[in-house]
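J.: Can you keep this structure in mind? I'll have questions shortly.
The values are calculated or read from the model by the stated rules, or taken from the named source; none is laboratory data. Worth saying up front: this structure is predicted, and the values here are computed from it rather than measured. Every residue, glycine among them, receives a Cβ derived from its backbone with ideal geometry; neighbour counts consider all protein chains shown. Ligands, DNA and RNA are stripped out before the accessible areas are found, and what is left, the full protein with its side chains, is counted by its heavy atoms. Shrake-Rupley method; radii C 1.70, N 1.55, O 1.52, S 1.80 Å.
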Amino acid sequence: QKPSPPSRPDALQRRSCGELGFRHERGEHGIVELHYGAFQGLWIQRTAHPDTEAVWRRGAPMGPDRHACRLATEDAILQTAFHVVVNQFGQAPLRGLMDLAVLARARRVDWDAVVERARAWRLATATWVVLDHANRLIGLPGCGAALSGLVPGRMRRAALRGFMTPLALLSGRDLTLKSRRHVFMLALVDRPRDGARLIGRTLWPEAWWIAARYGRPVGHIAHLWGLVRRGTV
């Protein structure tokens, strides 16, 4: 097993539906990541509400007599889009956009269902950002009307395009720097009160988060000091 980074110990990975990484002992075959859930991370836990139980119910077996399941097409669209955006268009984003294009061509997509779930799960803005880039760069058949149902207001749209455009994506613009990443993820929140909650819980996290993150008794003041000193959680 590949060791988890100090900022994301295994206990926190479990609570945030993160991943366990596995690497061949000689490092010859890359990394395999096993995720605890389809929608990982604290951003989505604090700002959105995906119906993960329904996602698993809609999963279909990969084939006859197989236990492994694949997500329903619409859920796969949403999960792939979220995976691209939660990594701030890092970690091979063009591959994620290509995955969306392949899904849109290989399977029948109910784009109305994609819109309905994205809005109900409070992932409309995050989904729009990724689908808009995929559609403009590669083309997603039939998704044009769906995008109109997800598009945020003019000011939010302008702000997000200030972070990322198709040209910036192709040029390899890095959004994962701390100063950009935090503001970008805050701009993706659908509701202002969820953005306030995200900020509040970053500064004053839940008791379980403190225990999982540090693995020892740490007070909130010590966490705040570490946040100021390191500039990261």
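J.: Hey, does the range 68-82 have a residue that's touching a residue at least 60 places away in the same chain (Cβ under 8 Å), of a type outside the set (Val, Ile, Thr) and closer than 25 Å to ARG117 by Cα?
T.: no
J.: Right, next: Considering PRO93, PRO50, PRO61, which residue is over 20 Å from ALA146 (Cα atoms), buried (at least 18 other Cβ atoms within 10 Å of the Cβ) and not basic (Lys, Arg)?
T.: Matching residue, one of PRO93, PRO50, PRO61: PRO93.
J.: Let me ask something additional. Would you mind telling me which numbered condition in (1) of a type in the set (Gly, Ala, Ser); (2) part of a helix (DSSP H, G or I); (3) modelled with pLDDT under 90 GLY172 fails?
T.: The failed condition is (2).
J.: Give ARG8, ARG26, ARG14 a once-over and let me know the one that is open to solvent by 40 Å² or more (accessible area, probe 1.4 Å) and in a helix (DSSP H, G or I).
T.: The unique qualifying residue is ARG14.
J.: Further, regarding this structure: Check off (1) under 21 Å from THR52 (Cα atoms); (2) open to solvent by 10 Å² or more (accessible area, probe 1.4 Å); (3) at pLDDT 95 or above for VAL86 and give me the number that stays unchecked.
T.: Failing condition for VAL86: (3).
J.: Of all the helices (runs of 4 or more DSSP H) wholly in the range 178-233, which have at least 2 residues that are open to solvent by 60 Å² or more (accessible area, probe 1.4 Å) and under 27 Å from THR165 (Cβ atoms)?
T.: 178-187, 192-203
J.: Are there helices (runs of 4 or more DSSP H) fully within the range 44-131 with at least 2 residues that are in contact with a Phe, Trp or Tyr (Cβ under 7 Å, 6 or more places away or on another chain)? List them.
T.: In the range 44-131, the matching helices (runs of 4 or more DSSP H) lie at 73-86.
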